[in-house]
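Asker: Below you'll find the structure I mean.
The values are calculated or read from the model by the stated rules, or taken from the named source; none is laboratory data. All figures in this text were calculated on a predicted structure; none of them were measured in a lab. Cβ: placed from backbone, ideal geometry, glycine included. Neighbour counts: every protein chain shown. Just the protein is used for accessible areas: all its heavy atoms, side chains included, with ligands, DNA and RNA removed. Shrake-Rupley method; radii C 1.70, N 1.55, O 1.52, S 1.80 Å.
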Amino acid sequence: MNKINKSELNRVLALSNLGIDYFEPNKGLDNLVEIAAKVSGMNVSMINLIDSYTQWTVASVGIDRGQMAKEDSVCQYTMDVDLGDNFEIKDLSRDNRFKDKNYVSGSLQLKYYWGIPLKTNEGFSIGALCVLDKETKELSPNQEELLRKIASQIVDRLRINRLILELNQKLVGSKKTNHKLAHDIRGPLIGIVGLGELIQSGENSPEEDQEYLGLMVKGGQELLDLVGSLLKSTLAVDKGISESSEMTSLVSLKERLIQLFQPQALVKEISI
């Protein structure tokens, strides 16, 4: 297996960071690849993403989505051209690099190729937008410029898809957090309300009422601490700050749990 140099590793990491699922339709790409086919007037249009060993077709017109070895693809050469430039082959059947490939010598009989690299904002080539035909074609400067704009939109679409995925993940995490918070707060609140009802009943001695009031205060303070911790962690996430958790001993954790649930336990006559 060949070693991957640092530049290639950074390129593959840039591709990986987009979080693309090669086996699932990528939202918004089908429309763009269809527009590319119509703009160019070609039979075949593809959006290909390329890692270190494989080319993945994530959207296509006139050809099935699939994968092939990187060394068999034309788009591997397209990735090497500068931003804004394109890679063109008038006749694939006359090019020794491709004339024996299945898409040229097989049933597809593809002849003409035009491609433009898909580059991230950091300048990494992650694949190519390409159009192909069974006949030799000639693209006008206007058609080429439109295809460049489509390629730029493809990269933007991939970034948007990634952001949508991250937002959905955060939303799911937020729902779980809210559910847990509601569960954690409900129990102690029930206990505090129960202690208040015991005091209101007037059946207790002043000493017992004082004890209940003390437990209510402690329970309320623990709830405030719980909400404060949640707000602190939420603000840290909003600011993109990763805060290390404070070391908590088992003894202190036990004490805090007892203080938090003591009111409810007392009302239910449970010994913690």
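Asker: What single numbered condition from (1) of a type in the set (Val, Ile, Thr); (2) open to solvent by 10 Å² or more (accessible area, probe 1.4 Å); (3) under 21 Å from residue 157 (Cα atoms) fails to hold for residue 136?
Answerer: Failing condition for residue 136: (3).
Asker: Moving to a separate point now. Please work out which residue is farthest from residue 162 (Cα to Cα), limiting yourself to segment 105-116 and to residues that are surrounded by 14 or more Cβ atoms within 10 Å (Cβ to Cβ) and at pLDDT below 95.
Answerer: 105
The rows are residues; the columns are (1) surrounded by fewer than 16 Cβ atoms within 10 Å (Cβ to Cβ); (2) modelled with pLDDT of 95 or more; (3) under 23 Å from residue 162 (Cα atoms).
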position: 22; (1), (2), (3): yes, no, yes
position: 26; (1), (2), (3): no, no, yes
position: 35; (1), (2), (3): no, no, yes
position: 38; (1), (2), (3): yes, no, no
position: 51; (1), (2), (3): no, no, yes
position: 56; (1), (2), (3): no, no, yes
position: 75; (1), (2), (3): no, yes, no
position: 79; (1), (2), (3): no, no, yes
position: 85; (1), (2), (3): yes, no, no
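Asker: If you don't mind, there's one more thing I want to ask. Please state which of the following conditions residue 89 fails to meet, knowing it meets all the rest: (1) surrounded by fewer than 23 Cβ atoms within 10 Å (Cβ to Cβ); (2) within 30 Å of residue 5 (Cα to Cα); (3) at pLDDT below 95.
Answerer: Of everything listed in (1) surrounded by fewer than 23 Cβ atoms within 10 Å (Cβ to Cβ); (2) within 30 Å of residue 5 (Cα to Cα); (3) at pLDDT below 95, residue 89 misses just condition (3).
Asker: Also: Would a scan of segment 43-55 turn up a residue that is over 14 Å from residue 134 (Cα atoms), without any contact (Cβ under 8 Å) to a residue 60 or more places away in the chain and among the aromatic types (Phe, Trp, Tyr)?
Answerer: yes
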